[in-house]
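Heads up: the structure comes next, in structure tokens.
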Amino acid sequence: MSIKLFIPGPVDVEKDVLEKLAMTQIAHRTKEATNLQESISKKLQKLMYTDNTIILSTSSGSGIMEMSIKSCTKKRAAVFSVGAFGDRWYNMAVTNNIPADHFKSEPGMPTTPEMVEEALKTGLYDVVTVTHNETSSGLMNPVYEIGQVVKNYPGVIYLVDAVSSLGGAKIEVDKCGIDICLSSTQKCLGLPPGLAVASVSEKAYERALTVENRGFYFDLVNVYNRVKKDYQYPSTPSTPHMFALDYQLGKILDQEGLDNRFDRHQKLADIVREWASKHFELYAKDGYRSNTVTTILNTKGNSVGDLNKELAKRGYMISNGYGKLKEKAFRIAHMAERKEEDLLALLKEIEDIWDL
Ligand SMILES: Cc1ncc(COP(=O)(O)O)c(C=O)c1O
């Protein structure tokens, strides 16, 4: 029996999209490869509401996270964290010898524009990192409002991790003033893991030009220059993923339509929140709840591990709480191509197993 994944990535991928991974291979230094990247760039620019340059990375999203903070920090990074993935950005800074400070919010609370203002007015920082959608806590940060603060500091590069939200929630990159907005394919974009995407502003590129020791594979300058030159990459990209991405972006833009897609994610989030509030409690503060994954406090103290074992027999999988929240919370993802009827069926199974 196949298992329907209600985990926040990797997600179920539709058969027609999977088939694109098996297309006849092309050489990566051909006009065909250039055309493929150009097509992906134009579609991602629409999805991200930006004129910035689009780059891909044959890695998961963490690759572009590391590339961004390493290539853009000359002075010091202000790393804002609302959970495990914000903390990851800080760990990347520390392990790369990048000067950084870690600003953590209280559990379930967002990164606020005020926190960012407070940090930036010290004049210590030239990079700000924010997690748009924190997959561990099910929290969505106000990246637009934060962007309005960052705009007042022209020497600061604004990096946003949209790994678990791009394609499921509207992120207007240019309106928000985001210099690098990055994501992974295995979440709301509805593709298999193995590729990461990002929009990169000229300002971020110009900063990177001044930063030493950017590394090699994840050197932003190297990748940006090559994409600008001929829509190709310094190393061999995963062309199978690129075929699938190009096709899936076409479906997202032309078949479903962006507004419908964002509305569907919102509707699924509303259903889970209402259900969770009836039986449990939500982890994230009202007003900052994620539209793509809901983190629910396990107030009844049932075993989430056992629940998942029973759900597997019935064809479903959800996620346990992340890190310290293991067994204290559980997460239901509602992203990518998930449909309302599947979600309602899952919730019914949980009610049945836990006798809610
Ligand atoms: C918010 C967030 N950021 C970063 C990552 C890391 O992404 P990847 O596993 O694609 O490297 C994840 C993965 O779950 C995530 O949810």
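The values are calculated or read from the model by the stated rules, or taken from the named source; none is laboratory data. A quick note: this is a predicted structure, and the numbers were derived from the prediction, not measured. Glycine also receives a Cβ, built like all others from the backbone with ideal geometry; neighbour counts cover every protein chain displayed. Surface areas here come from the heavy atoms of the whole protein model, side chains and all, with no ligands, DNA or RNA. Shrake-Rupley method; radii C 1.70, N 1.55, O 1.52, S 1.80 Å.
Counting just the residues of the range 2-49 that are part of a loop (DSSP other than H, G, I, E, B) and of a type in the set (Ser, Thr, Tyr), which one comes out modelled with the lowest pLDDT?
Per the criteria, the residue is SER2.
So which of GLY305, GLY257 ends up being on the phi > 0 side of the Ramachandran plot and not basic (Lys, Arg)? Lay out the reasoning, then the answer.
Numbers: GLY305 fails: on the phi > 0 side of the Ramachandran plot.
GLY257 is the lone residue from the list that is on the phi > 0 side of the Ramachandran plot and not basic (Lys, Arg).
Name every residue in the range 81-111 that is in contact with a strand residue (DSSP E or B) (Cβ under 9 Å, 6 or more places away or on another chain), over 27 Å from ASN213 (Cβ atoms) and part of a loop (DSSP other than H, G, I, E, B), in order of residue number.
If the condition is that a residue be in contact with a strand residue (DSSP E or B) (Cβ under 9 Å, 6 or more places away or on another chain), over 27 Å from ASN213 (Cβ atoms) and part of a loop (DSSP other than H, G, I, E, B), then VAL82, GLY83, SER105, GLY108, MET109, PRO110, THR111 are the ones that fit.
Restrict the check to the range 45-58 and report whether at least one residue is surrounded by fewer than 18 Cβ atoms within 10 Å (Cβ to Cβ), within 16 Å of the ligand (Cβ to nearest atom) and touching a residue at least 60 places away in the same chain (Cβ under 8 Å).
Yes: the range 45-58 contains one or more residues that are surrounded by fewer than 18 Cβ atoms within 10 Å (Cβ to Cβ), within 16 Å of the ligand (Cβ to nearest atom) and touching a residue at least 60 places away in the same chain (Cβ under 8 Å).
One line per residue, one yes/no per condition, for (1) under 21 Å from PRO193 (Cα atoms); (2) out of contact with any Asp or Glu (no Cβ under 6 Å at 6 or more places or on another chain); (3) more than 12 Å from the ligand (Cβ to nearest atom):
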residue: GLU106; (1), (2), (3): no, yes, yes
residue: ASP126; (1), (2), (3): no, yes, yes
residue: ASN141; (1), (2), (3): no, yes, no
residue: SER164; (1), (2), (3): yes, yes, no
residue: LYS175; (1), (2), (3): no, yes, yes
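Restricted to the range 229-269, and to residues that are over 23 Å from GLY61 (Cα atoms) and touching a Ser or Thr at 6+ places or on another chain (Cβ under 7 Å), which residue is least open to solvent (accessible area, probe 1.4 Å)?
ALA269
What about PRO99, is it away from the ligand (no atom under 16 Å from the Cβ), open to solvent by 20 Å² or more (accessible area, probe 1.4 Å), of a type outside the set (Lys, Arg) and touching a Ser or Thr at 6+ places or on another chain (Cβ under 8 Å)?
Criteria met by PRO99.
If only one of ILE180, ILE157 is touching a residue at least 60 places away in the same chain (Cβ under 8 Å), assigned by TED's automatic domain parsing to the domain that holds TRP89 and over 15 Å from THR53 (Cα atoms), which one is it?
Every option except ILE157 fails the conditions.
Any idea how many residues of the range 177-188 are more than 11 Å from the ligand (Cβ to nearest atom) and not small (Gly, Ala, Ser)?
Looking only at that region, the number is 4.
Within the set of pairs 6 or more residues apart or between chains, which connect a residue that is farther than 15 Å from THR58 by Cβ inside the range 186-201 to a residue that is charged (D, E, K, R) with Cβ atoms less than 6 Å apart?
These pairs meet every condition: GLY190/GLU337; SER201/ASP179.
Residues that are modelled with pLDDT of 95 or more, of a type outside the set (S, T, N, Q), over 26 Å from LEU120 (Cα atoms) and in a loop (DSSP other than H, G, I, E, B): does the range 56-73 have at least one?
No - not one qualifying residue is present in the range 56-73.
Filter the range 6-22 down to the residues that are within 16 Å of the ligand (Cβ to nearest atom) and among the aliphatic types (A, V, I, L, M), then identify the one that is farthest from GLN248 (Cα to Cα).
ILE7
On the basis of being on the phi > 0 side of the Ramachandran plot and outside the structural domain of GLY108 (by TED's automatic domain parsing), does ALA312 make the cut?
In short, no.
Going by the structure shown, is TYR224 in a helix (DSSP H, G or I), touching a residue at least 12 places away in the same chain (Cβ under 8 Å) and within 25 Å of ALA77 (Cβ to Cβ)?
The answer is yes for TYR224.
Considering LYS170, LYS175, LYS151, LYS121, which residue is free of Cβ contacts under 8 Å to residues at least 24 places away in the same chain and open to solvent by 40 Å² or more (accessible area, probe 1.4 Å)?
Numbers: LYS170 fails: free of Cβ contacts under 8 Å to residues at least 24 places away in the same chain; LYS175 fails: free of Cβ contacts under 8 Å to residues at least 24 places away in the same chain; LYS151 fails: free of Cβ contacts under 8 Å to residues at least 24 places away in the same chain.
From the options LYS170, LYS175, LYS151, LYS121, the qualifying one is LYS121.
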